[in-house]
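The values are calculated or read from the model by the stated rules, or taken from the named source; none is laboratory data. These numbers come from a predicted model, not from an experiment. Methodologically, a virtual Cβ is constructed for each residue, glycine included, from the backbone with ideal geometry; neighbour enumeration extends over all protein chains shown.
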């Protein structure tokens, strides 16, 4: 029974870690315009316009895996201190889930505050 609980906890942590990789990413297959194209007109009446955009480049962990795993481990350890029997198992799993969510949020907030911000020139057809 102890091995089953351990396996369940490890599976839950693995599932949370892999779900962060599965986030959909959007890729632009559109033509990229440069400042040299600015003002260029097309037959449909649109033209290329450029503008300055503030872009934030976050730290090296955009999926916040480190915070999620650390939070899950800490939450699981704290949850394991509560209850007894089946309640202890449930508290451990609940602590791991809550800790993972909290760790992910905390790391996201820190990355946003510490991220690199810079202004880039973006040209698009309008």
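For this structure, a couple of remarks:
- Residue within the range 24-35 that is under 24 Å from residue 120 (Cα atoms), modelled with pLDDT of 80 or more and in a helix (DSSP H, G or I) present: yes
- Qualifying positions in the range 41-57 - free of Cβ contacts under 8 Å to residues at least 40 places away in the same chain and assigned to a strand (DSSP E or B): 41
- In the range 60-106, the residues that are assigned to a loop (DSSP other than H, G, I, E, B) and within 25 Å of residue 116 (Cβ to Cβ): 60, 61, 62, 63, 64
- Members of the range 70-92 found to be surrounded by 19 or more Cβ atoms within 10 Å (Cβ to Cβ) and either under 30 Å from residue 38 (Cα atoms) or touching a residue at least 24 places away in the same chain (Cβ under 8 Å) (or both), listed by number: 71, 72, 75, 76, 89, 92
- Residue in the range 58-68 that is at pLDDT 90 or above, at negative phi, buried (at least 16 other Cβ atoms within 10 Å of the Cβ) and within 28 Å of the chain's Cα centre (by Cα) present: yes
- Restricting attention to the range 111-126, the residues that are in contact (Cβ under 8 Å) with a residue 12 or more places away in the chain and in a helix (DSSP H, G or I) add up to 3.
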